[in-house]
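A short write-up of the structure that comes next.
The values are calculated or read from the model by the stated rules, or taken from the named source; none is laboratory data. Worth saying up front: this structure is predicted, and the values here are computed from it rather than measured. With ideal geometry, Cβ positions are generated from the backbone for all residues, glycine too; neighbour counts draw on all protein chains shown. Just so you know, the surface numbers come from the protein's heavy atoms only, side chains and all, with ligands and any DNA or RNA stripped out. Shrake-Rupley method; radii C 1.70, N 1.55, O 1.52, S 1.80 Å.
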Amino acid sequence: MRHLLTPQDFSVSETEELFRLADDIEVHPEKYSHMCDGKKMATLFYEPSTRTRLSHETAMLNLGGKIIGFPSGNVSSATKGETVADTIRVISCFADIAVIRHPKEGAALVAAHYSSIPVINAGDGGHQHPTQTLLDMQTIRRLKGRLTNMTIGLCGDLKFGRTVHSLVESMSRYDNVRFIFISPPELRMPDYVTDLLRDRGISYDEVTRLEDAIPKLDILYMTRVQRERFFNEEDYVRLKDFYVLDEKKLASAKKDCYILHPLPRVNEIAPEIDDDPRAAYFLQVHYGVLVREAVILTLMGLVDLKSFA
């Protein structure tokens with residue numbers, strides 16, 4: 001039995017095989033539409049979510065499976081004091097696979113330890129968000145035709161942004177990938193991420209101004225400043241509008257510099273950018289369903305990734 005707690009739970013070769021499976025699902029959805037007949041997925045969301053929860057649920061429905069679960073910790077037995085360990089042991093009696101999002105780092109690891117079914121980490125605090133990373137990488141792969149030889153800029157909340165932590169760790173496994181971290185000092189990338197890059201001998205720069213970085217980039221990954229991660233409203237208000245990508249800033253970008261965002265967007269990307277052919281953040285949502293279908297099939301042992309090598 002396998003779990004997906006971090007993107008590194010799949011090797012580089014397995015990740016490529018997973019993407020090829022997602023490609024095949026996109027081209028031949030009918031081949032996979034009944035693979036999860038009679039199977040149930042439990043979605044255990046202790047934090048609010050639109051895309052991640054509905055994307056996983058859509059993926060399971062596309063495969064012929066069914067959904068149980070809860071959309072918020074407020075409507076679960078967590079309000080009565082039930083632990084994640086006990087919840088997953090109960091859910092293991094009902095479902096064949098579980099997806100968990102939780103505000104505390106390490107909650108998915110705890111769930112996996114006590115679970116008798118595969119567990120997918122759908123985000124644990126500011127730590128990891130592996131399926132988001134996989135869909136980000138699939139989007140880059142499909143748009144650029146590669147996952148090597150590029151410069152990626154990550155902009156906004158790099159301190160609390162679990163999506164950027166996961167993406168940097170994963171993309172650092174590929175050849176000749178460079179990073180530019182764009183943030184105010186208060187929201188800079190955590191030391192454990194930059195230490196990992198230094199240990200691997202990977203180049204990165206840290207800058208404050210988006211304008212200084214954007215001409216160099218092949219991928220610009222924007223993020224919102226996350227109100228829910230701040231301890232006081234004053235700091236959030238001071239930093240929430242620090243970066244706004246508009247047509248004027250984008251004018252200096254390469255013609256094939258694609259813009260990604262994990263969503264939800266607040267105001268860090270102006271609506272005028274949506275019609276630019278380089279805006280790829282809604283395309284990410286499309287690839288998200290396909291990648292999550294591939295993850296579900298793989299973790300449940302219904303498809304052998306080696307057949308896509």
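Selection of the stretch 261-298 for residues being in contact (Cβ under 8 Å) with a residue 24 or more places away in the chain and small (G, A, S) yields A270, A280, G288, A294.
Restricting attention to the stretch 151-181, the residues being more than 23 Å from L263 (Cα to Cα) and either in contact with a strand residue (DSSP E or B) (Cβ under 7 Å, 6 or more places away or on another chain) or β-branched (V, I, T) (or both) number 2.
For the stretch 1-118, give me every one of the helices (runs of 4 or more DSSP H) that falls completely inside it and has 1 or more residues that are among the aromatic types (F, W, Y) and within 20 Å of A294 (Cα to Cα). Walk me through it before giving the result.
Values: elements: 12-27, 51-62, 84-91, 107-114.
Filter on the stretch 1-118 gives 12-27.
Within the stretch 258-286, how many residues turn out to be part of a loop (DSSP other than H, G, I, E, B), open to solvent by 20 Å² or more (accessible area, probe 1.4 Å) and touching a strand residue (DSSP E or B) at 6+ places or on another chain (Cβ under 6 Å)? Number of matching residues: 1. Only one of the numbered conditions (1) hydrophobic (A, V, I, L, M, F, W, C); (2) over 26 Å from T15 (Cα atoms); (3) surrounded by 18 or more Cβ atoms within 10 Å (Cβ to Cβ) is violated by I219, and that is (2). Based on what the data block shows, is T163 assigned by TED's automatic domain parsing to the domain that holds V225, part of a loop (DSSP other than H, G, I, E, B) and hydroxyl-bearing (S, T, Y)? Against the criterion (assigned by TED's automatic domain parsing to the domain that holds V225, part of a loop (DSSP other than H, G, I, E, B) and hydroxyl-bearing (S, T, Y)), T163 does not qualify.
Here is a check on your reading of the model: is L297 in contact with a Leu (Cβ under 9 Å, 6 or more places away or on another chain), part of a loop (DSSP other than H, G, I, E, B) and of a type outside the set (F, W, Y)? It would help to see each step written out before you state the result.
Details: in contact with a Leu (Cβ under 9 Å, 6 or more places away or on another chain): yes; part of a loop (DSSP other than H, G, I, E, B): no; of a type outside the set (F, W, Y): yes.
No: the conditions fail for L297.
Number of residues in the stretch 153-208 that are open to solvent by less than 30 Å² (accessible area, probe 1.4 Å) and under 20 Å from the mean Cα position of the chain (by Cα): the value is 30. Taking the listed residues T87, T50, the one that is open to solvent by less than 60 Å² (accessible area, probe 1.4 Å) and not acidic (D, E) is T87, with no other qualifying.
Could you list all residues from the stretch 30-47 that are open to solvent by 30 Å² or more (accessible area, probe 1.4 Å), hydroxyl-bearing (S, T, Y) and over 13 Å from S72 (Cα atoms)? Walk me through it before giving the result.
Of all residues in the stretch 30-47, those open to solvent by 30 Å² or more (accessible area, probe 1.4 Å) come to 30-31, 33-35, 37-40, 46.
Retained after the next criterion (residues that are hydroxyl-bearing (S, T, Y)): 33, 46.
Answer for the stretch 30-47, where residues must be open to solvent by 30 Å² or more (accessible area, probe 1.4 Å), hydroxyl-bearing (S, T, Y) and over 13 Å from S72 (Cα atoms): just S33.
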